1. For the condition out of contact with any strand residue (DSSP E or B) (no Cβ under 9 Å at 6 or more places or on another chain) and either part of a loop (DSSP other than H, G, I, E, B) or at pLDDT 95 or above (or both), what is the one hit in Glu268, Glu301?
2. Whether any residue in segment 394-402 is in the same structural domain as Phe456 (by TED's automatic domain parsing), crowded, with 18+ Cβ neighbours inside 10 Å and part of a helix (DSSP H, G or I) is what I want to check.
3. Hey, can you tell me all the residues within segment 46-60 that are without any contact (Cβ under 8 Å) to a residue 60 or more places away in the chain and either over 15 Å from Lys122 (Cβ atoms) or hydroxyl-bearing (Ser, Thr, Tyr) (or both)?
4. Can you list residue pairs whose Cβ atoms sit under 9 Å apart, with the first residue in segment 596-618 being under 19 Å from Gly483 (Cβ atoms) and of a type in the set (S, T, N, Q) and the second being assigned to a helix (DSSP H, G or I) and at pLDDT 95 or above? Count only pairs 6 or more apart in sequence or on different chains.
5. Taking segment 346-381 only, how many residues are within 14 Å of Val421 (Cα to Cα) and part of a helix (DSSP H, G or I)?
6. Can you name every residue in segment 97-118 that is among the aliphatic types (A, V, I, L, M) and either in contact (Cβ under 8 Å) with a residue 60 or more places away in the chain or over 27 Å from Leu244 (Cβ atoms) (or both)?
7. Mind listing whichever residues of segment 132-178 are in contact (Cβ under 8 Å) with a residue 40 or more places away in the chain, polar (S, T, N, Q) and part of a strand (DSSP E or B)?
Amino acid sequence: MKDFFNPYSHGFVRLGVATPLVRVGDPQYNLEATFKLLQGAARERVLLTVFPELGLSAYSCEDLFHQQALIDAAEAALAELLRRTRNLRAAALVGLPVAREGRLFNCAALIAQGQLLGVVPKTYLPNYREFYEGRQFTPGDAIAMREIALAGQTAPFGTDLIFRHAENRDFVLHVEICEDLWVPAPPSSYGTLAGATVVANLSASNIVVGKEGYRHQLVGNQSARCIAAYLYSAAGQGESTTDLAWDGHAIIYENGTLLAESKRFAAEPQLAFADVDLGRLQADRVRQNTFGATALRHRSEIERFRSVAFSLPMPGGRLPLARRVEKFPYVPSDAANRDLRCEEVYRIQVQGLTTRMRHTGTKKLIIGVSGGLDSTQALIVCARAMDELKLPRRSILAFTLPGFATSSRTKNQAWQLMRAVGATAEEIDIRPSCLQMLKDIGHPFAKGKKVYDIAFENVQAGERTSHLFRLANQHGGFVVGTGDLSELALGWSTYGVGDHMSHYNVNASVPKTLIQYLIAWAAESKEFSPDVQRALRRVLETDISPELVPGKQKTESSVGPYELQDFHLYYTLRFGYAPAKVAFLCWSAWHDKYKLASIRKWLGVFLRRFFQMSQYKRSAIPNAPKVGSGGSLSPRGDWRAPSDGNADVWLKALEDVPAK
């Protein structure tokens, strides 16, 4: 294992987009501006920086491109840039005009440590509205030349090049230029099917009203469709404003997610960079088998690509991660988006429940209400489902079932909530039936001894579920489950006749950290009356506890903080990351609250419980609606695993995480 605290050790690669201030028709000036930005990128340990289209000459030269002096000066600038970068640990893509065999090409040159690695000409030349590239240039695929002598070196030439990084096999680069992206079938669609994980676009792209938003849509969607990173750098200050304006817009997307963006209309040069997660891209491609199927169906288009290997040492040493890692991956950090997410999840839960009720003809719902988070969320979903079906809420038969350790606070909260939503509320004391069960099996507690073992705990969970199922039989309804995704991941449920089972579970793919926000959203929305809102707020103020053992019993002291375990679950389930990478990401997000040793400890607990101790429970869970792309643990959906697996491989890999 390389340095744990270096993103390059975990499959990340730092990539940049740059917008220099240029002078039209002055390659020497533009060389200086480009080199200065490239030096800055190298200091930030950026491996590859993408510059704008025709950046060494400037894009807006128009018929000056027919002047041999400008063509020669651009090539000389490239030669000088190659000379200056010999000792620079950074690669760059720069644009320049190149004339060969009586034709002029709009090209991107890939350079690294003084080497010209390849030259890619532009395929699609816009010749409409304000664009007249067809007047000066020739499409890149209009020539059979496969090599080019340029700037004193010989390198591969063509639109069919894929660049493969020797030090990181997942870093595979495809290059296209501006309009190539704006056509119905961009070259990058085939380049990524041929193996490219990163697409670079050297662009000019003048600015008009609304274009900035469209660029985001175009780049973001292409990165998502291709399951790739997309680097886009547009021309900025210094380009001719005869009839156009330029905003210097540079952006980096990763599979539809914006990672970095330059400041538009800046009066100074711009460099934006981010650590792209190549492991995420490969993981998504592996899971989305239609990606490979598409490559098979376009085999003739992708077989034409040539691979060009290049070597460039990756930066070593400790390096802060240059991307935001959300502490709560299931919960948007932006308040507006978070509210939208909560509403969407809530609607999905309600829709799943109402559909099941229509299908079965069920008019009554039976639910156990503890006064905690999970049953609270399930109850308000039941309430809205009744509203949707135009059934009275009193047809929700809600029961609070206090046991040996139920607190007065949670019982009062349960009553307050059941009454507020308008359910038919009752209380059944399960202690007598639990005591009878303990007596029947000869448990020491039935003889007056304070033995609070697993049998003591599970008798209570089992009795609650047994009561609810018999109540469902008696009243002709079905039991709504309340257990959440986090509990399923950790096996924190009583199997079979315990809280593991129900007729339909609305919370099964909702993690604990999201449920807290769902309830908070409902408490502030207009979905429910002020009485319900007050009850919801009280629930949010209560510690998470199973309340099975007398005294203060906190769930998180046993299974770990849910905020950490939900983080571990997301990156393990969604992407299949190795434990070291999960720990690195968790430390990057949570180091202000948790030490690495604590993260390592609780990740170990998660790995053991998830991979070895709990799958048999997940193999037999009730139906439930999937709510998010973060995954579910249904054996009929996202996660199908052997019940008799073991965690040895993952626990061994956890040793790659330092103790501190």
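1. Numbers: Glu301 fails: either part of a loop (DSSP other than H, G, I, E, B) or at pLDDT 95 or above (or both).
Going through Glu268, Glu301 in turn, the sole match is Glu268.
2. Yes, the conditions are met somewhere in segment 394-402.
3. Within segment 46-60, Ser57 is the sole residue that qualifies.
4. Cβ pairs passing all conditions: Ser614/Leu488; Ser614/Ala489; Ser614/Leu490.
5. 7
6. Step one: list which residues in segment 97-118 are among the aliphatic types (A, V, I, L, M), which gives 98-99, 104, 108-112, 116-117.
Hits for segment 97-118 are Ala108, Leu110, Ile111, Ala112, Leu116, Leu117.
7. Across segment 132-178, the qualifying residue is only Gln153.
Residues checked against (1) in a helix (DSSP H, G or I); (2) touching a Ser or Thr at 6+ places or on another chain (Cβ under 9 Å):
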site: Leu391; (1), (2): no, no
site: Ala405; (1), (2): no, yes
site: Arg409; (1), (2): yes, yes
site: Asp429; (1), (2): no, no
site: Met437; (1), (2): yes, no
site: Lys450; (1), (2): no, no
site: Ala461; (1), (2): yes, yes
site: Thr465; (1), (2): yes, yes
site: Phe469; (1), (2): yes, yes
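The values are calculated or read from the model by the stated rules, or taken from the named source; none is laboratory data. Worth saying up front: this structure is predicted, and the values here are computed from it rather than measured. All Cβ positions, glycine included, derive from the backbone under ideal geometry; neighbour counts span all protein chains shown.
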